[in-house]
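Student: Please see the structure below; I have some questions.
The values are calculated or read from the model by the stated rules, or taken from the named source; none is laboratory data. Because the structure is predicted, anything quoted here is derived from the model rather than measured. Here the Cβ positions follow ideal geometry from the backbone for every residue, glycine too, while neighbour counts run over all protein chains shown.
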Amino acid sequence: MKRTLFVYILLTFLFAGCQGPGNVDKSTEPLIKKKGAKGGFISFNSNGEIKVDEKLLEKYNFEVLWTFPLKKRITKCYLIKDALYVYTPSEKALYSFDRRSGHVKWFFVLKEGLTFKPALWEYNKEDQKITGIYKSDEVAVISQNRVYIIEKEHGNEITSIPLGGIAPSAPPGIHKYNVFVCGWDNRIYAFSKESGIEVWRYLTDGDIKAQPLATSDYIKSDLVFVGSTDGR
């Protein structure tokens with residue numbers, strides 16, 4: 001069985017006048033390699049010819065799954081579960097790709113840029129069946145002094161919370177009720193996703209540079225794990 005190599009070619013794809021979450025033109029499709037095609041993988045008339053050495057890939061038992069044309073320079077990529085998140089600094093946009101098909105689900109413009117890796121919260125589907133309350137899975141993103149909660153499937157903004165004087169030191173954490181932000185003051189802060197109000201804070205004896213992780217499957221109560229340079 002062949003292993004798969006994901007190749008993302010940086011080309012031009014212009015979204016004019018993008019503000020906030022955006023829906024990508026449905027006519028925009030990933031460029032998927034067709035088996036049996038002759039010649040190079042793909043070429044472009046106006047921007048010059050780009051080729052992938054298929055023989056070299058086959059030598060190491062890889063194949064190109066898909067590519068997508070983005071004319072913007074990509075500086076950050078994060079693979080989280082079934083989604084690939086790509087950040088382009090020139091337009092300050094975070095894109096969500098379906099990692100298997102290469103289709104763009106959405107893009108979201110961050111006025112102050114992307115500071116850290118996004119965090120994902122997936123709601124327990126069995127619990128939702130019991131309660132009858134259904135919510136979309138969420139992505140938390142820090143942009144300088146604000147944290148955004150974005151709907152994972154469609155990229156709609158659910159809420160945004162100002163961080164005041166907190167200088168974030170690590171990627172955010174997210175839970176069904178709260179979002180967690182670590183600061184250079186050695187503290188971790190919990191903010192209510194519903195109200196945006198600070199719920200609690202905890203002081204460690206060192207810097208917090210690792211992403212906090214939350215779980216809701218513990219027997220007695222929900223848990224948040226955070227590591228500090230104090231060795232704990």
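Student: Tell me, which residue of the stretch 130-144 that is assigned to a loop (DSSP other than H, G, I, E, B) and not β-branched (V, I, T) is farthest from K92 (Cα to Cα)? Lay out the reasoning, then the answer.
Tutor: At the first step, the residues of the stretch 130-144 found to be assigned to a loop (DSSP other than H, G, I, E, B) are 132-137, 144.
Pick out the ones that are also not β-branched (V, I, T) and you get 132, 134-137, 144.
Details: G132: 37, Y134: 31, K135: 27, S136: 24, D137: 23, Q144: 12 Å.
By that ranking, first place goes to G132.
Student: Restricting the first residue to the stretch 55-71 and requiring it to be on the phi > 0 side of the Ramachandran plot, which pairs with a second residue that is assigned to a strand (DSSP E or B) and crowded, with 17+ Cβ neighbours inside 10 Å meet a Cβ separation below 8 Å and a spacing of at least six or different chains?
Tutor: none
Student: If you take the residues of the stretch 115-129 that are in a strand (DSSP E or B) and out of contact with any Pro (no Cβ under 9 Å at 6 or more places or on another chain), which of them is nearest to I80 (Cα to Cα)?
Tutor: So in the stretch 115-129, the residues in a strand (DSSP E or B) come out as 119-121.
Applying the additional criterion that residues be out of contact with any Pro (no Cβ under 9 Å at 6 or more places or on another chain) yields 120-121.
On the way: L120: 8, W121: 11 Å.
Filtering the stretch 115-129 for residues that are in a strand (DSSP E or B) and out of contact with any Pro (no Cβ under 9 Å at 6 or more places or on another chain), the one nearest to I80 (Cα to Cα) comes out as L120.
The rows are residues; the columns are (1) assigned to a strand (DSSP E or B); (2) crowded, with 16+ Cβ neighbours inside 10 Å.
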| residue | (1), (2) |
| --- | --- |
| P171 | no, yes |
| F180 | yes, yes |
| A190 | yes, yes |
| S195 | no, no |
| I208 | no, yes |
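Student: So Y85 passes all but one of these: (1) at pLDDT 80 or above; (2) part of a loop (DSSP other than H, G, I, E, B). Which condition number does it fail?
Tutor: (2)
Student: Moving to a separate point now. Against the definition (under 20 Å from I149 (Cα atoms), of a type outside the set (F, W, Y), in a loop (DSSP other than H, G, I, E, B) and assigned by TED's automatic domain parsing to the domain that holds K125), how does I166 come out, yes or no? Before the answer, list the steps.
Tutor: Numbers: under 20 Å from I149 (Cα atoms): yes; of a type outside the set (F, W, Y): yes; in a loop (DSSP other than H, G, I, E, B): yes; assigned by TED's automatic domain parsing to the domain that holds K125: yes.
Taking the combined requirement at face value, the residue satisfies it.
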